[in-house]
Structures are given as structure tokens and as C-alpha cells.
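Colleague: First the structure, then my questions, so here it is.
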Amino acid sequence: MENKKLRSSDWFGRTGKDGFIYRAWMKNQGIPEYEFNNKPIIGICNTWSELTPCNAHFRDLAESVKRGVLEAGGFPVEFPVMSLGETLMKPTAMLYRNLASMDVEESIRANPLDGVVLLCGCDKTTPSLVMGACSVDIPTIVVSGGPMLTGRHKGNSIGTSDIWRFFSDLRGGVIDETELLSIESAMCRSQGHCAVMGTASSMACMVESLGLSLPNNAAIPAADSRRKVLAQLSGLRIVDMVKQDIKPSDILTRQAFENAIKVNAAIGGSTNFVIHLLAIAGRIGVPLKLSDFDGLSSDIPLIANLQPSGKYFMEDLYYAGGLQAVIKQLDHLLHKECITVNGKTIQQNYANAACYNTDVITTTESPFNSLTGLAILSGNLCENGAVIKPSAASAHLMQHTGKAVVFDSIEDYHARIDSDELDVDESSVLVLKNVGPKGYPGMPEVGNMSLPKKLIQQGVKDMVRVSDGRMSGTGFGTVVLHVSPEAATGNNFAMIETGDMITLDVPNRTINAAVSDQEFERRKALFIPAEPSVERGYVNLYINHVQQAHLGADMDFLRGKSGSKIVRDSH
Ligand code: FES
Ligand code: MG
């Protein structure tokens, strides 16, 4: 493959007026003539933004990648793409995941790139970049920004998963506003993304277990100097990947997806993993269904003791041996021959991994929790399925029947949840509608809604909750999510009324409402669909084209790939 014509030569290798134009403007950056002489051009796709605090250190990280690219004889070019910050973007960063993926895809294809390094960190920045890169399919390597150092407050370790506890403590009078302010300053004390096994960490583990990053990418803290080393080594490696022509489609086989699903179960990864992995599979063209997640992960116990399912933080995972040590424990369950970006198989990569702390990484024989990472439910309430994370739920609610208390929107929920008049007790099932992809729009992370104040004061810690929305990867509780089809489509979930009896049966993978088919039909005849909430622009495009959660909530016209073929000249 060494002599394969570089894609970029169609720009920089040209003679005449076109070649002149392609090179002349680049030279304003001080680039000498020889740089254009058949060197692999490596794009560094950067989601740096001060509005995405988790990725705010990425300009620095890009410098390390560049050093590696230069060392290997490549020509690095850094370019920005839309950056999705989880904490600031309204109504939810998820609304823009598909938009960012379009930015990434078109930026790669339209430019003279032979390979690309994706700098990912905060939750949606990973799937959006991987989705976009898959639709082009040139050699690609992911470098994650790394988790923050563990938050420390009054001698205790704290992180994102504690936020829910801080606020119930505040509501219950356990802490006051002054203490809360001091916690606020202590939690995010270094660069990096959320330090628990939330969505960002789950995504970093996803790319490592898929084989899209070098080993150890997932857990090295952002502030640890070894993160920069990994970035430099990734820059070094991508140049060889171009020479060897190793593309995402060579790595992302059905077997690689199956490995990633198993690893996600073993680490107690985020429920958002399901949606993003389905979307990535849709781009690369690997058949993957929602029901596959249950079958593949149902025998995988929790072996990484990380919040929110367990106790520790990503920093601890790294010191305990990192994700490779976890993957090694799953040796007997994985497809060992899957190749990864370094050209080695997943097995060759974990062969020398070791566990240094069995409190953080244990074995499949003596797991922290025998409950699987994710369960896929079916029933008359979710014709196309729903998701629950048993390892973050309460054992006593795994089989439960209760009366629905329905909220038609997030505003309705906020207006009534703490009202003394609300007819609710701890056996009730809280149902939140219209927080799905089209309905909200964008499918926000509101599914683990706070419990009614009066029940919290009675000491109630968990209740069954059901919604067509998502939950933060850092959240927990007996929360049924991603109900598909969502309420906005006018299917069964939209018809659930307060007082309907709902039965959740996780061991049997069902959730049903005691509502007959005839009664569903009677209610549907009376249903008035909401008017589209946004008339123009990207959000209108999104509402009209987003697919349901069980398909990954990608746009219908973005599934698949258009490849890297060079299109017509610009002048
Ligand atoms: Fe960015 Fe959690 S807010 S990873
Ligand atoms: Mg999140």
C-alpha cells in the first residue's frame, strides 16, 4: 500500500493554476516548498472551545498530536468543528450531535486530507466526530481529552454523579448554600471531562474497545502528562495508518461492535452508549439492532467499580490498570481478532495489561454486581423498545407495578412535582412524555427526574420513572428511558394516562400498561398532535428527519456513508 496515491495529491500535487492556488494560500502560514512534496496530510479535527469546558485544553493537546505527525513525516493541519458542550447548550447538546457530525463529515471530505485525528472529550463530541468520520471513511484515530482529576471536598472524593445527592441534601437541609458553593469550586478542579463513568467516559471507553484509539486512551487523566504522550503517539501512528490504508470500515466490524457492547456492560457504561453506538453502526453500515445490546450484555457482570454504578472515578481506573485491564478480564467473551488502529488485535493490545487494584477492577468470577449493564425492554408502552440500566437501579423495583402519574411535558413536571396536592406515593410510576427526539426537540437528559419533595422528606430514595428522554450517564435510579416511539409520534406511549397501572419486569425484559388494545385505539382517535415547534432552520430539519431512539436518533438522510471520493474542482 506504500505507493498508493495520496488523496491530498489531487490538491497539492497538481501543476498549473489549480496547484498554484492550492499551495500559494497555504504558504501564507509559513510552509516551505518541500512540505507539499507528497507528505500525508493529517487533519486534526479539534472540538476545542471555551464554551465546552471539558475540551478547553484541546489546543494544547493538538500540539502534541502535531509533534507526532511531524516526527512521522506527515503534514499536520488543525481545523475546528462545531463543539458540543454538555453543560451550557440549550435545549440539549444532543439536538446538535447530528449537525456537528455533518460539519465533521463535510470538512474532511472537502479538504485535502489523507488521514484524520479526532480530538473528542465532552459527551457528544465523541459520537458526532466518529459518526462524521465514518461517513467519509479515511484513516482515522481518536484521541480523547481525558477525564478530570477526581473532585475533592472536605476530605471526600466528589464527582458529577454526586450532584443529585448534593441537591437532595440541600432540599433536605443537610447542607446549606454556602457549603454548596464550596462544593461547586471543588468538583471540577482540573481540565478534562466528567470523571465518573458518565457518557464522556463511556464514549472514551467505546472508542478504545472498538479499536479506534490507541490502548489506554480512555482513562489517562487530562492533567496527566501521559495524556500528551498518548496524543503524540497517536499523531505518529496516523501517518502509518495512511500508508497502510487502515480505515474505520476495516476496524468497525460487527465483531468490534459486539466487543464494545460487552465492555460497556462490564464498566457500567452510560445508557447513552446505546443511542450513539446505533448511530455509528448506521453510518459505517454494520447491522446492529437495539435488541442486540441485551443479548450481548446480559451475561456480562459489572467488574469496574466506578460511579455511578459503583464507587470510584476514572483516575482510579487508570491507576488500577486502565481499560485494558478491564478488557483483559473479558478475554473469554470477546472477539479477540478484531484489529485496532495500531494494527494489532485487541488481544495483542491487552495481553500485557495488569490489574493493580482489585477494589477498582475485579474479575468476572467475583463481580461487583451481577446485574448486567443495560437491559432492553419491550411491551405495549414501547412498541420499539426502551432501555434501563439495572446496575444503577434499585433491586427492589426490578419487578414493580404501580399507578402512573403522568406529566405531559417538562414544564408540567416542574409545575406539579413538588405540589402537596399531587396524588403520588412511593409505589407510583412517574411518567414523563414529550422529551423525545422530535418532541422536545433533541431528547434531553431529564429521564431521571427528581422525586416529589414530600416523598424525599419521607426518606424515599428511588421510584420507577419512565420517559421518552435520556438520562445523564452520571445519573442513577430505576429509570426506563428512550421509550420508542416517543410520545410526539402519537403512538401508545402518548396515550398513557394518570391512573393506568404500569408493570415493570426487568428480569423478563418487559414494561406494560394495563391498557387494552381497544382502549389504546379509543384514546388515539382523540389524540391531537402538537404543532411543529420550530418553523425554520436546522431545528426544523432535525424534527422532520430525526429517527427514533431505537435507531440511534440519527437523521434518516445521514445513515450510511458517501466515502472520500474527490469531487469537482472549486475553480
Ligand atoms: Fe462534559 Fe460531563 S459535562 S463530560
Ligand atoms: Mg452528560
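The values are calculated or read from the model by the stated rules, or taken from the named source; none is laboratory data. What you see is a predicted model, and the numbers here were worked out from it, not measured in a lab. Glycine also receives a Cβ, built like all others from the backbone with ideal geometry; neighbour counts cover every protein chain displayed.
Colleague: Based on what the data block shows, is S49 assigned by TED's automatic domain parsing to the domain that holds I238, over 18 Å from T140 (Cα atoms) and not acidic (D, E)? Explain how you work it out, then say what you get.
Modeller: Numbers: assigned by TED's automatic domain parsing to the domain that holds I238: yes; over 18 Å from T140 (Cα atoms): yes; not acidic (D, E): yes.
When the stated conditions are applied, S49 passes them.
Colleague: Give me the pairs, please: first residue somewhere in segment 272-287 and at pLDDT 95 or above, second residue anywhere and of a type in the set (D, E) and more than 16 Å from ligand 2 (Cβ to nearest atom), beta-carbon distance under 7 Å, and either six or more positions apart or on two chains.
Modeller: Cβ pairs passing all conditions: A279/D554; G282/D554.
Colleague: A follow-up question, please. Name the residues in segment 79-97 that are outside any loop (DSSP other than H, G, I, E, B), touching a Cys at 6+ places or on another chain (Cβ under 9 Å) and surrounded by fewer than 24 Cβ atoms within 10 Å (Cβ to Cβ), would you?
Modeller: Narrowing segment 79-97 to residues outside any loop (DSSP other than H, G, I, E, B): 79-80, 93-97.
Subset that is touching a Cys at 6+ places or on another chain (Cβ under 9 Å): 79-80, 93.
Answer for segment 79-97, where residues must be outside any loop (DSSP other than H, G, I, E, B), touching a Cys at 6+ places or on another chain (Cβ under 9 Å) and surrounded by fewer than 24 Cβ atoms within 10 Å (Cβ to Cβ): F79, P80.
Colleague: Could you pull out the residue among K154, K124 that is among the basic types (K, R), more than 21 Å from I566 (Cα to Cα) and buried (at least 24 other Cβ atoms within 10 Å of the Cβ)?
Modeller: On the way: K154 fails: buried (at least 24 other Cβ atoms within 10 Å of the Cβ).
Testing whether each residue is among the basic types (K, R), more than 21 Å from I566 (Cα to Cα) and buried (at least 24 other Cβ atoms within 10 Å of the Cβ) leaves just K124.
Colleague: Still on this model: Quick one: which of R254, R227 is of a type in the set (K, R) and within 16 Å of ligand 1 (Cβ to nearest atom)? Give the steps one after another, and end with the answer.
Modeller: Values: R254 fails: within 16 Å of ligand 1 (Cβ to nearest atom).
After ruling out the rest, the residue left standing is R227.
Colleague: Is at least one residue of segment 161-176 within 16 Å of ligand 1 (Cβ to nearest atom), within 20 Å of the chain's Cα centre (by Cα) and modelled with pLDDT of 95 or more?
Modeller: The answer is no, given that none of the residues of segment 161-176 is within 16 Å of ligand 1 (Cβ to nearest atom), within 20 Å of the chain's Cα centre (by Cα) and modelled with pLDDT of 95 or more.
Colleague: Oh, and also: Taking segment 3-38 as the search range and keeping residues that are in a helix (DSSP H, G or I) and of a type in the set (K, R), which one is surrounded by the most Cβ atoms within 10 Å (Cβ to Cβ)?
Modeller: So the first thing to find is which residues in segment 3-38 are in a helix (DSSP H, G or I), and the list is 9-12, 16-29, 33-36.
Filter again for of a type in the set (K, R), leaving 17, 23, 27.
Values: K17: 9, R23: 17, K27: 12.
Per the stated criteria, the residue is R23.
Colleague: With respect to the numbered conditions (1) touching a Ser or Thr at 6+ places or on another chain (Cβ under 6 Å); (2) assigned by TED's automatic domain parsing to the domain that holds G68; (3) surrounded by fewer than 24 Cβ atoms within 10 Å (Cβ to Cβ), which one is the sole condition not fulfilled by A204?
Modeller: The one condition A204 does not meet is (3).
Colleague: So which residues in segment 410-429 are surrounded by fewer than 24 Cβ atoms within 10 Å (Cβ to Cβ), outside any loop (DSSP other than H, G, I, E, B) and not hydroxyl-bearing (S, T, Y)?
Modeller: Of all residues in segment 410-429, those surrounded by fewer than 24 Cβ atoms within 10 Å (Cβ to Cβ) come to 410-428.
Still in the list and also outside any loop (DSSP other than H, G, I, E, B): 410-416.
Listed by number, the residues that qualify are I410, E411, D412, H414, A415, R416.
Colleague: Here's another thing I want to ask about it. For segment 434-534, list the helices (runs of 4 or more DSSP H) that sit wholly inside it and hold at least 1 residues that are touching a Lys or Arg at 6+ places or on another chain (Cβ under 7 Å); which are they? Let's see the steps before the verdict.
Modeller: Values: elements: 453-457, 492-495, 517-525.
Ranges flagged: 453-457, 492-495.
Colleague: Which condition breaks for R465 when tested against (1) under 19 Å from the mean Cα position of the chain (by Cα); (2) more than 16 Å from ligand 2 (Cβ to nearest atom)?
Modeller: Here R465 clears every test but (1).
Colleague: May I pose another question? On the given criteria, is A260 away from ligand 2 (no atom under 16 Å from the Cβ), in contact (Cβ under 8 Å) with a residue 12 or more places away in the chain and of a type in the set (G, A, S)? So that I can check it myself, show each step before the final result.
Modeller: Working: away from ligand 2 (no atom under 16 Å from the Cβ): yes; in contact (Cβ under 8 Å) with a residue 12 or more places away in the chain: yes; of a type in the set (G, A, S): yes.
Yes; evaluated as a whole, the condition is true for this residue.
Colleague: Name every residue in segment 205-218 that is among the small types (G, A, S) and either over 15 Å from the mean Cα position of the chain (by Cα) or closer than 13 Å to T126 by Cα (or both), in order of residue number.
Modeller: Residues of segment 205-218 that are among the small types (G, A, S), as a first pass: 209, 211, 213, 218.
G211, S213, A218 - these are the residues of segment 205-218 that are among the small types (G, A, S) and either over 15 Å from the mean Cα position of the chain (by Cα) or closer than 13 Å to T126 by Cα (or both).
Colleague: When segment 195-224 is examined, which residues are found to be of a type in the set (S, T, N, Q) and more than 16 Å from ligand 1 (Cβ to nearest atom)?
Modeller: So the first thing to find is which residues in segment 195-224 are of a type in the set (S, T, N, Q), and the list is 199, 201-202, 209, 213, 216-217.
If the condition is that a residue be of a type in the set (S, T, N, Q) and more than 16 Å from ligand 1 (Cβ to nearest atom), then S209, S213, N216 are the ones that fit.
Colleague: OK, next. Would you mention how many residues in segment 328-374 are among the basic types (K, R) and outside any loop (DSSP other than H, G, I, E, B)?
Modeller: Residues of segment 328-374 that are among the basic types (K, R), as a first pass: 328, 336, 344.
Pick out the ones that are also outside any loop (DSSP other than H, G, I, E, B) and you get 328.
Residues that pass the stated criteria total 1.
Colleague: Does segment 100-121 include one or more residues that are over 15 Å from the mean Cα position of the chain (by Cα), within 16 Å of ligand 1 (Cβ to nearest atom) and more than 16 Å from A204 (Cβ to Cβ)? Before the answer, list the steps.
Modeller: As a first pass, look at segment 100-121 and keep what is over 15 Å from the mean Cα position of the chain (by Cα): 102-117.
Now restrict to residues that are within 16 Å of ligand 1 (Cβ to nearest atom): none.
Within segment 100-121 (the criterion being over 15 Å from the mean Cα position of the chain (by Cα), within 16 Å of ligand 1 (Cβ to nearest atom) and more than 16 Å from A204 (Cβ to Cβ)), the answer is no, since none of the residues qualifies.
Colleague: For segment 423-460, enumerate the residues that are over 18 Å from L504 (Cα atoms) and basic (K, R).
Modeller: Answer for segment 423-460, where residues must be over 18 Å from L504 (Cα atoms) and basic (K, R): K438, K453, K454.
Colleague: Continuing with this model, one more query. Inspect all residues belonging to segment 90-97 and state whether any of them is of a type in the set (K, R), within 15 Å of ligand 2 (Cβ to nearest atom) and over 20 Å from S234 (Cα atoms). Walk me through it before giving the result.
Modeller: Step one: list which residues in segment 90-97 are of a type in the set (K, R), which gives 90, 97.
With within 15 Å of ligand 2 (Cβ to nearest atom) added as a condition, the list becomes 90, 97.
Next, from what is left, pick out any that are over 20 Å from S234 (Cα atoms): 90, 97.
Looking for residues that are of a type in the set (K, R), within 15 Å of ligand 2 (Cβ to nearest atom) and over 20 Å from S234 (Cα atoms), one finds at least one in segment 90-97, hence yes.
Colleague: Would you confirm whether any residue within segment 21-43 is closer than 17 Å to L129 by Cβ and either at pLDDT below 95 or away from ligand 2 (no atom under 16 Å from the Cβ) (or both)?
Modeller: yes
Colleague: Taking the options I566, I528, I496, name whichever one is in contact (Cβ under 8 Å) with a residue 60 or more places away in the chain, hydrophobic (A, V, I, L, M, F, W, C), surrounded by fewer than 22 Cβ atoms within 10 Å (Cβ to Cβ) and more than 16 Å from ligand 2 (Cβ to nearest atom).
Modeller: Details: I528 fails: in contact (Cβ under 8 Å) with a residue 60 or more places away in the chain; I496 fails: surrounded by fewer than 22 Cβ atoms within 10 Å (Cβ to Cβ).
Only one candidate qualifies: I566.
Colleague: Shifting gears a bit: Any idea which of (1) over 18 Å from L113 (Cα atoms); (2) in contact with a helix residue (DSSP H, G or I) (Cβ under 7 Å, 6 or more places away or on another chain) is the one G74 doesn't satisfy?
Modeller: Status for G74: all satisfied but (1).
Colleague: Is one or more of the residues making up segment 230-252 surrounded by 24 or more Cβ atoms within 10 Å (Cβ to Cβ), over 21 Å from the mean Cα position of the chain (by Cα) and of a type in the set (S, T, N, Q)?
Modeller: Scanning segment 230-252, I find at least one residue that is surrounded by 24 or more Cβ atoms within 10 Å (Cβ to Cβ), over 21 Å from the mean Cα position of the chain (by Cα) and of a type in the set (S, T, N, Q), so the answer is yes.
Colleague: In addition: Quick check on this structure: which one of L381, L374 is of a type in the set (A, V, I, L, M, F, W, C), surrounded by 17 or more Cβ atoms within 10 Å (Cβ to Cβ) and modelled with pLDDT of 95 or more?
Modeller: Details: L374 fails: modelled with pLDDT of 95 or more.
Going through L381, L374 in turn, the sole match is L381.
Colleague: Which condition number in (1) assigned by TED's automatic domain parsing to the domain that holds A231; (2) in contact with a strand residue (DSSP E or B) (Cβ under 8 Å, 6 or more places away or on another chain) is the one that G322 fails?
Modeller: Only one criterion is unmet by G322, namely (2).
Colleague: I want to confirm something. Restricting to segment 49-78 and keeping residues that are in a loop (DSSP other than H, G, I, E, B) and in contact with a Leu (Cβ under 7 Å, 6 or more places away or on another chain), which single residue is nearest to ligand 2 (Cβ to nearest atom)? Quick ask: steps written out before the conclusion?
Modeller: Initial filter on segment 49-78 (in a loop (DSSP other than H, G, I, E, B)): 49-52, 56-57, 72-74.
Filter again for in contact with a Leu (Cβ under 7 Å, 6 or more places away or on another chain), leaving 51-52, 72.
On the way: L51: 15, T52: 12, A72: 35 Å.
The residue in question is T52.
Colleague: I would also like to ask the following. Any chance you could count how many residues in segment 460-478 are in contact (Cβ under 8 Å) with a residue 60 or more places away in the chain and more than 16 Å from ligand 1 (Cβ to nearest atom)? Outline the logic, then answer.
Modeller: Just the residues of segment 460-478 that are in contact (Cβ under 8 Å) with a residue 60 or more places away in the chain, to begin with: 461-464, 466, 468, 470-478.
Going one step further and asking which of them are more than 16 Å from ligand 1 (Cβ to nearest atom), we end up with 461-464, 466, 468, 477-478.
So the count comes out to 8.
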